[in-house]
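Shown next, in structure tokens, is the structure this report addresses.
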Amino acid sequence: MNIKLTLTTALLAGSLGTVAMAQSMPGAGVTVQPIQSPIAEETFQTMLINEALRALGYDVQPIQEVDYSAGYTSIANGDATFMAVNWYPLHNTMYANAGGDNEFYRSGHYISGAAQGYLVDKASADKYGIDNLGDFKDPDIAKVFDTDGDGKADLTGCQAGWGCEGVIEHQLDAFELRDTISHKQGQYAAIISDTITRYKEGEPIFYYTWTPYWVSGILVPGRDVVWLEVPFSANPNNSDTELPNGRNYGFEINSERIVANKEWAAANPAAAKLFEIMTLSVNDVSAENMKIRQGEDSQRDIMAHTQAWIENHRATFDGWLEQARAAAE
């Protein structure tokens, strides 16, 4: 027996095995710290990314919950790795304030077509001819939606720190609605639940919401409620919010984008490619969010939703992994 040849063959086989392992698991030995806002309905999209990263060998830590602004800062500082819910362009100011493209890696649009704006119940819209936020300049219209007796319409609004509150406040000034609308803020899940209860009791409702989210699965636009247009484009970004169909709901159509620490992404091309190419349907997120609304809201439940999505979209999921591994070669 040629001992030298046998040893060389064994070393070569071991080397090839190591190469194959590195190619299939490019994230081996690398820690990932995902973060997200405290909104439970954003967990599904974060978990889906986590599962893809795990399949690439990354050591993914439990998700940490932080407010959006703190989240951007922690990613920029390297204390966290990525966040799946960079609302673009709604979060542009927070993104820029934390360092923008100098500190963050952001490529691709994870979830596209996210709408937001103001709605009222369809019965009131039909009865009073309401189709525009500007209609609330009429004190008689405003009183229809007054829930606390001060004569102003009570808008179920945006939770502080989310970014949407700044747009609403800007528009109340721009459309001269301070005298007739009160922007009611608080924990959004609680105040929108109260709004839905009022609707079920036959009372008029006036609220802000967005998609993907479970609210529009209960208060269905066109059936139960109607979207309101705005008098003209007015927002802190000074951008035009008119849609291609000519309608203007006051908010730009948003995407949810994945934001990661720039230095970390540069050192991990497989993960960077994954962040670039992953896409998730608004409708899939809304359907999962409805399960949360119906009580399947534990971390275990949401992980089950995530794994079910992967099994139902196996070819897509495996395609992401294939492209990510190729980027690491």
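Quick note: the coordinates plus some simple rules give every number you see, no bench work behind them. Note that the structure is a prediction, hence the values are computed from the model and not measured. Methodologically, a virtual Cβ is constructed for each residue, glycine included, from the backbone with ideal geometry; neighbour enumeration extends over all protein chains shown.
Brief remarks follow.
- Simple label model, 7 Å out from Cα along Cβ direction - V220 to N245, nm: 1.7 nm
- Charge sum, other residues only, whose C-beta stays under 12 Å from V167's C-beta, Lys/Arg counted +1 and Asp/Glu -1: -4
- If R0 is taken as 45 Å, the Cβ-Cβ distance between E176 and T31 corresponds to a FRET efficiency of 0.30.
- Whether region 205-268 is rounded, prolate or oblate, judged on the alpha carbon gyration tensor where a/c under 1.5 counts as rounded: oblate
- Taking the DSSP bridge list for the chain and keeping only pairs wholly inside it, about 60 percent are antiparallel.
- Debye intensity ratio I(q)/I(0), log10, the chain, q values 0.14 Å⁻¹ (C-alpha model): -1.10
- Pairs from the table (K200/K291; K127/K200; K137/K200; K122/K291; K184/K291) lying more than 22 angstrom apart at Cα are K137/K200; K122/K291; K184/K291.
- Distribution of pairwise C-alpha distances over region 116-227, 10 Å bins, in %: 14, 52, 32, 1
- With the simple model of a label 7 Å out from the Cα in the direction of the Cβ, E169 to R300 spans 4.2 nm.
- Placing unit charges on the Cβ atoms only, positive for Lys and Arg and negative for Asp and Glu, gives the chain a dipole magnitude near 1220 debye about its Cα centre.
- Each of I141, T209, G186 was placed along the dipole of region 116-227 (beta-carbon charges, centred on the mean Cα), and the one lying farthest toward the positive end is T209.
- Helix-only arithmetic for the chain: the sum of -39500 (n - 2.57) across DSSP H runs with n ≥ 4, divided by the residue total, places the mean residue ellipticity at 222 nm at -13500 deg cm²/dmol.
- 19 Å reach of a label modelled at N238, 7 Å along Cα-to-Cβ, counting backbone N of region 78-95: 89-95
- In terms of Cα atoms, the Rg and Dmax of region 180-329 work out to 19.7, 61 Å.
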